[in-house]
1. Given the conditions (1) within 11 Å of the chain's Cα centre (by Cα); (2) within 7 Å of ligand 1 (Cβ to nearest atom); (3) exposed (fewer than 12 other Cβ atoms within 10 Å of the Cβ), which single one is not true for GLY33?
2. On the basis of being within 15 Å of ligand 2 (Cβ to nearest atom), surrounded by 15 or more Cβ atoms within 10 Å (Cβ to Cβ) and within 10 Å of the chain's Cα centre (by Cα), does SER41 make the cut?
Amino acid sequence: MIIRIADNGCGMTENVKQKIFDPFFTTKPVGSGTDLGMSISYQIIEKHGGQIKCISAPLQGTELIIQIPVQMKSA
Ligand SMILES: Nc1ncnc2c1ncn2[C@@H]1O[C@H](COP(=O)(O)OP(=O)(O)OP(=O)(O)O)[C@@H](O)[C@H]1O
Ligand SMILES: [Mg+2]
């Protein structure tokens, strides 16, 4: 199963893109959030044996591609 989510927001520099899955990495003002959204998402998807990839460029928006295996593993 593949889920693709795209926006037409501010996008990210290459430098930011490489850090978005790190716990507590943020480009927002300190104290404005938990700064855990992307890292928790990464961990949940990884536990399901899936992958999350990010395509983004400044001023061009962001696309997140989530791939999760659907087939049950045999016991
Ligand atoms: N759709 C997006 N467009 C541009 N930058 C993004 C996007 N999603 C995440 N980011 C970048 O990744 C960083 C980490 O995202 P994450 O959701 O983990 O924390 P946050 O958004 O900073 O804080 P919180 O979700 O707690 O408000 C953001 O600070 C931002 O720099
Ligand atoms: Mg967030």
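1. (1)
2. yes
Taken together, the values in this text are just the output of simple stated rules run on the coordinates, not laboratory data. Note that the coordinates shown come from a computational prediction; the quantities given were computed from them, not determined experimentally. Heads up, the Cβs are rebuilt from the backbone with ideal geometry, glycines too, and the neighbour counts pull from every protein chain shown.
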